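Here the structure is laid out as structure tokens; the discussion comes afterwards.
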Amino acid sequence: MTDTHSQEDDSPKEHPFLYYGKAAEKIIPVTAASSNPSTALNLLCYQTKHSSTLYGDNMHQQSIIEPLWEDKLSDIEDHRATVPISTPPPADSWYAIFFKTPLVPVSRGKQWHVVFSYTMAFLMVAIMSGEFMMNHELSGEFFEFDPFNFMIGPSAQTLIQSGARYPPCMRNTTAMPPEEQYICFSQPYEANGHAGIKDNNNQPDLPDFNNPRQSLCSLQHVCGMGGFLRPSVPDQTFRFITPLFVHAGLVPLLCNIAGLLTIGRSLERVTNAVRMLIIYFVAGTFGHIFGGNFVPITKLAAGSSPAVLGLAGCLLVDFALTWRFITKPKRHFVKLLLVTGLCFTMGLMPGVDNVSHVGGFLAGLLIGAICIPPAHGITRRGTLYLWMVRFAALSILITMHVVLSNRFFDRDYHYCPLCRYISCMPLNGSCRLDKT
């Protein structure tokens, strides 16, 4: 076969991809993939007697013989020593685990689309906007300054009428009997759905405290949300669910959205939107039931933080199911503990019920055992054990839900005086019983 390149000049030429051997007949390519000499050390570079076919279509005809001279390879190694190499942190380093590894590190195969987490974040922002509008209707201001709301949000009256957890609106209490009259603002919306009463300057008509008839209203008007079925019987039990959409201000709103999008997205990718909905509302509702049993009867609570703590509990369940497949599981466990501890720390802010966080976290552990799928195919015996654990978790969750619900609606129930220190730091009288 005639050499197709026999007419070409075979003299060595300078080229960044070529290297010259002392006894080489032709120019020997060090690497055709990179001009970095350090890459060449990972290749076996040889001389060829048929180098005329190196760059032609008949590359298969080349016969490889005789390695390159040692001194030339040492020159490449010396050059590599002068080139700075950026080495990424190992996959099992603290930095990689904390900032590069997802909260749910073990995939379940199929990755679900994140729908529920984004939808809830949007609803939180929309309802918070409605709270500000309602507060403007009640007091003429979007934010409450007298008394100042440290969470940068509306007044307590607005939170109650927006759906915050407020026991006097949910059951009969001796602290606020439904037969009594209470000082209140003019209602932002009348029963017929029209806007509330305004003065000649188109401002909300605030109560005249010199006029007892205008300054007083019934308990169901204080509660709003459509009132009661019977005026003398507070029955707004839906306030165990509605607080998940209501927030005391911008500070808890941003914290909960950050927690939801950080934890919720990781969980939703391995569980799906339906399971996320179940986990979120079961943990959040149980958290508010739990908190309502251990705080003063007139303390209001709002926020989706019990549900977010429930998601944090699910992370620990996921870790228990997958720790054998996780690189450096102890470090990942420390990461989960720090995330959970940060969520509980946020519960020390004024106006946030940390007792409800405890309930949401406990419910998250139980509902997580039911809803979190295993990482890999398990044996028949493992499947049996898994369903036994799920049945036990469901039984405990239902039992606690029934017991705490009955206790909440028991007229003679007593709250836990020391539990208030879980929800606040004893600074500047912030834990006094007369403060809500």
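Read the figures in this text as sums done on the coordinates, not as results from a lab. It should be emphasised that the depicted structure is a prediction, and the values quoted were computed from it without experimental measurement. Backbone-built Cβ (ideal geometry, glycine too); neighbour counts: all protein chains shown.
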For this session: Kindly rank 363-371, 115-123 from highest to lowest mean number of other beta carbons found within 10 Å of each residue.
Result: 363-371, 115-123
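Order of 279-286, 336-343 by packing, highest average Cβ count within 10 Å first? Working shown, then result.
On the way: 279-286: 25.0, 336-343: 15.1.
Averaged packing, sorted descending, gives the order 279-286, 336-343.
Would you mind ranking 169, 255, 416 by Cβ crowding within 10 Å, fewest neighbours first? It would help to have the intermediate numbers written out before the result.
Numbers: 169 27, 255 21, 416 13.
Listing 169, 255, 416 from fewest to most nearby Cβ atoms yields 416, 255, 169.
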Exercise. For the stretch 230-314, taking Cα atoms only, what is the radius of gyration to one decimal and the Dmax to the nearest whole Å?
Worked result: 14.1, 48
For this session: Take peptides 147-156, 245-254, 386-395 and line them up by average Cβ neighbours within 10 Å, highest first, as a rough protection proxy.
Result: 245-254, 147-156, 386-395
For this session: Would you mind computing, in nm to one decimal, how far apart the modelled labels at residue 399 and residue 333 are, each placed 7 Å from Cα along Cα→Cβ?
Result: 2.7 nm
For this session: Find out how many positive minus negative residues lie around residue 164, taking Lys and Arg as positive, Asp and Glu as negative, among other residues whose Cβ is under 12 Å from that of residue 164.
Result: +1
